[in-house]
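Every number here is computed from the coordinates shown, using simple stated rules; none is lab data. Quick caveat: nothing in here was measured; it's all calculated off a predicted structure. Counting neighbours? That spans all protein chains shown, and the Cβs are built from the backbone with ideal geometry, glycine included.
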Amino acid sequence: MPFPKVNRVIYKTNLLDTVICQVRFPPILKIDTEIPAAFQEGVRSLYPHLTESSELLYIRVEPSQSPTEDFQEVRGTRDPKIYGFTSDDKKWKVELTRNYLALSTKAYISWDDFIGRFAKALQAFVGIYQPTNFTRVGLRYIDVIVRSKLGLEGVDWGELVQDYISGVLVVDSVKGEVRGYENTFQVALEGEGLVRVITKTVQSSESGEPCFLMDSDFFSNRRIKHEEVFPVLNSFHDCALNLFRWCIKDKLHHAMEADQHDEQS
């Protein structure tokens, strides 16, 4: 395992902003041509609100045969439909298109709760559309460190985040002058898939406070059968806390008030 294994914990102060699970599949045109009424019935008890939209496509066209003229960009729509099914509190959303099914939330409580909700949506989808396989399975965690919520106002990022994650933010000669920072890396996971990690400085939309974002996207691009989806997702979940703990220092870990537990919050 690329990241050292740690004990499962529940954090009293959770940094998770958004959690997303998505499975992609070969295009099913029926989703575009027929209203997904049966699928809606399968998820409506949890997600009663429906929205419909169309994906915007950007197409480059050549205005003439003259090699001296620039290409002209034209925006068009081709009607790949996106059906959104949202909970009453607007914090949970299922999206269905002709090539993916996704669940996202800003109110993550526990893995059992999250994966149970996704299982219900996936069961409805498989029962109705019977995909031959999935071409991508992904699980994404977006954490945002807001120091004021942890009583850490004024604490340098170098005291909270490992130096290999914080980069120039911990270099004494420049850290006071850095106005923006972003780093991306990708790591192969033992046994299944990859994780792409983006770390960067952001500002709170509420207060403008400087914050630090960690976006961890676990995914597998091999062809995956329906019965393999949940073992793959469970393996990603098992690795997620190990990665998070590898990225942060003890000061942040303790500020979040971690309790030993047998699953990740």
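Using a simple charge model, +1 on the beta-carbon of Lys and Arg, -1 on the beta-carbon of Asp and Glu, nothing else, what dipole does the chain show about its Cα centre, in debye to the nearest 20? Write out the running numbers ahead of the final one.
Numbers: 31 positive and 38 negative charges, 111 e Å.
Once rounded to the nearest 20, the dipole reads 540 debye.
Stretch T18-N234 to full length: gain in nm at 0.36 nm per residue minus the Cα-Cα span?
Working: separation 216, 0.36 × 216 = 77.76 nm, distance 1.78 nm.
Gain on stretching T18 to N234: 76.0 nm.
Compute the relative contact order of the chain as a whole-number percentage, counting only Cα pairs closer than 8 Å that sit 6 or more residues apart in sequence.
Averaging sequence separation for qualifying contacts and normalising by length gives 28 percent for the chain.
Which far-off residues, 5 or more places away or on another chain, put their amide H under 5 Å from the one on E192, with H placed in the peptide plane?
It is none; the list stays empty.
To the nearest 20 Debye, how big is the dipole of region 144-253 about its Cα centre, given +1 on the beta carbon of each Lys and Arg and -1 on that of each Asp and Glu? Before the final figure, lay out the partial values.
Numbers: 12 positive and 17 negative charges, 35 e Å.
Rounded to the nearest 20 debye, it is 160 debye.
May I ask for the distance between the Cα centers of region 1-38 and region 193-238, given as a whole number of Å?
9 Å
Once phi is turned into θ = phi - 60°, what whole-Hz ³J(HN,Hα) does the Karplus curve with 6.51, -1.76 and 1.60 give for every residue of region 157-165, x standing for Gly and Pro?
Per-residue couplings from phi come out as 4, x, 8, 10, 10, 4, 4, 6, 9 Hz.
Would you mind computing, in nm to one decimal, how far apart the modelled labels at I198 and L50 are, each placed 7 Å from Cα along Cα→Cβ?
For I198 paired with L50, the spin-label model returns 3.2 nm.
Can you list the residues, at least 5 places off or on another chain, whose amide H is less than 5 Å from the amide H of F212, using H built in the peptide plane?
I145, V202
Apply the Karplus curve 6.51 cos²θ - 1.76 cosθ + 1.60, θ = phi - 60°, to the phi angles in region 222-227 and return the couplings in whole Hz, x for Gly and Pro.
Calculated HN-Hα couplings, in order: 7, 6, 10, 7, 3, 6 Hz.
Starting from the 7 Å offset along Cα-to-Cβ, what nm value, one decimal, do you get for the label separation of K30 and R8?
3.7 nm
Could you list Y83, Y164 so that the one with the fewest beta carbons within 10 Å of its beta carbon is first and the one with the most is last?
Details: Y83 17, Y164 12.
Arranged by neighbour count, lowest to highest, Y83, Y164 become Y164, Y83.
Answer with one residue from F244, G84, L194: the one whose Cα lies farthest towards the positive end of the charge dipole of the chain, charges on Cβ with Lys, Arg +1 and Asp, Glu -1.
Of the listed residues, the answer is G84.
Would you list F185, F3, F244 from fewest to most Cβ contacts within 10 Å? Intermediate values should be presented prior to the final figure.
Numbers: F185 11, F3 18, F244 21.
The most exposed by this proxy come first: F185, F3, F244.
What does the helix-only formula give at 222 nm for the chain: each DSSP H stretch with n ≥ 4 adding -39500 (n - 2.57), the total divided by the residues, and the result rounded to the nearest 500 deg cm²/dmol? Don't skip to the end; give the middle numbers.
Numbers: 6 runs with 59 residues, N = 265.
After summing the helix terms and dividing by the residues of the chain, the value is -6500 deg cm²/dmol.
In region 171-212, which GluC sites (Glu not before Pro) are in a loop and have at most 16 other Cβ atoms within 10 Å, using DSSP for the loop call? Numbers along the way, then the final one.
Values: sites: E177, E182, E190, E192, E206; in loops: E177, E190, E192, E206.
Those satisfying the criteria are E177, E190, E206.
What is region 153-239 by shape, rounded, prolate or oblate, if you read a ≥ b ≥ c off the alpha carbon gyration tensor as root eigenvalues and call it rounded for a/c under 1.5, prolate for a/b larger than b/c, and oblate otherwise?
In terms of gyration-tensor shape, prolate.
Taking neighbour Cβ counts within 10 Å as the exposure measure, how do M214, M256 sort from fewest upward?
Taking fewest neighbouring Cβ atoms as first place, the list is M256, M214.
Taking θ = phi - 60°, what integer Hz values does the Karplus form 6.51 cos²θ - 1.76 cosθ + 1.60 yield along region 106-118, in sequence order, with x for Gly and Pro?
Each residue's phi maps through the Karplus curve to give 10, 10, 5, 10, 7, 5, 4, 5, 5, 5, x, 5, 5 Hz.
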